[in-house]
Each structure stands twice: as C-alpha cells, then as structure tokens.
1. Return the residues of the range 1-24 that are more than 21 Å from VAL50 (Cα to Cα) and of a type in the set (Ser, Thr, Tyr); say none if nothing qualifies.
2. For the range 25-43: of the residues being open to solvent by less than 80 Å² (accessible area, probe 1.4 Å) and more than 19 Å from LEU55 (Cβ to Cβ), which is nearest to the chain's Cα centre (by Cα)?
3. For residues in the range 14-24 being without any contact (Cβ under 8 Å) to a residue 12 or more places away in the chain and not aliphatic (A, V, I, L, M), which is most open to solvent (accessible area, probe 1.4 Å)?
4. Assuming GLY46 fulfils every condition listed in (1) over 30 Å from SER6 (Cα atoms); (2) modelled with pLDDT of 90 or more apart from one, which condition is it?
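The values are calculated or read from the model by the stated rules, or taken from the named source; none is laboratory data. What you are looking at is a predicted structure, and each value in this text was computed from that prediction instead of being measured. Positions of Cβ are backbone-derived with ideal geometry, glycine not excepted, and every protein chain shown enters the neighbour counts. To get the accessible areas, we keep the full protein, side chains included, count just its heavy atoms, and leave off ligands, DNA and RNA. Shrake-Rupley method; radii C 1.70, N 1.55, O 1.52, S 1.80 Å.
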Amino acid sequence: MHEIVSGRLGNETALLRLREEAEAGRPAASQDTRRWLELVLRDAAGRDPVFAAALRSALADVQEEARQAAPPGYSVSGNVFHGPVAVQVGPDGYQVNNFGRTR
C-alpha cells in the first residue's frame, strides 16, 4: 500500500504530513491529516484509473491479511521449543503461523 500511494503522490503535502506524524510517534493520523489525505487519494484515483485499480488491489490484500491475523492480544512469539509441544492461544484454537519477518 505504502509503495503504491507514495509512488503516485510523491511529495504531496498531505502525505508528508502523515509521515511527520508517524515519525513523531503518533499511533494514528490526526483527523485533519486523515481527511486531507483522503481527499488527495480520491482525486488521484479519480484522475488515474491505473492508480485506482492498484489501490483497490492493495486494499484487498491488506484486508485479507487482517482477516488472517490472530485476534488482538493473543500471541506467542520468540520462543524455541524442543520436543513435542502443543500451544493453544485464544478462543476456539485460532492459529496463525508466521515464520521470518512479520508484516
């Protein structure tokens, strides 16, 4: 998503503001920045059908990854087990395995 948006918007002021807020440690964009960026994205997607299609595809990928992620608050990580082991975390034995870097 980031590559597609920043590749199209480049040094757009709304995107720069979003980066500033992220670098300052904000957990989410401010309401003003979010609205501003939404307008810029709608305009760019409306003017560029190739960008709009790429954005929709990236959004679908992000939504699919979110559906496959473990529920918040349930995690077992950084552990090394030797021998037979069974670990159940969370309700209904929900399981997601991620090996290597996390996204």
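1. THR13
2. Taking the range 25-43 and keeping what is open to solvent by less than 80 Å² (accessible area, probe 1.4 Å), we get 25, 28-30, 33, 37, 40-41, 43.
Imposing the further condition that a residue be more than 19 Å from LEU55 (Cβ to Cβ) reduces the set to 25, 28, 30.
Values: GLY25: 16, ALA28: 12, SER30: 17 Å.
Looking at the filtered set, the residue picked out is ALA28.
3. Residues of the range 14-24 without any contact (Cβ under 8 Å) to a residue 12 or more places away in the chain: 16, 19-20, 22-24.
Keeping just the survivors that are not aliphatic (A, V, I, L, M) gives 19-20, 23.
Numbers: ARG19: 76, GLU20: 109, GLU23: 159 Å².
It comes out as GLU23.
4. Unmet condition: (1).
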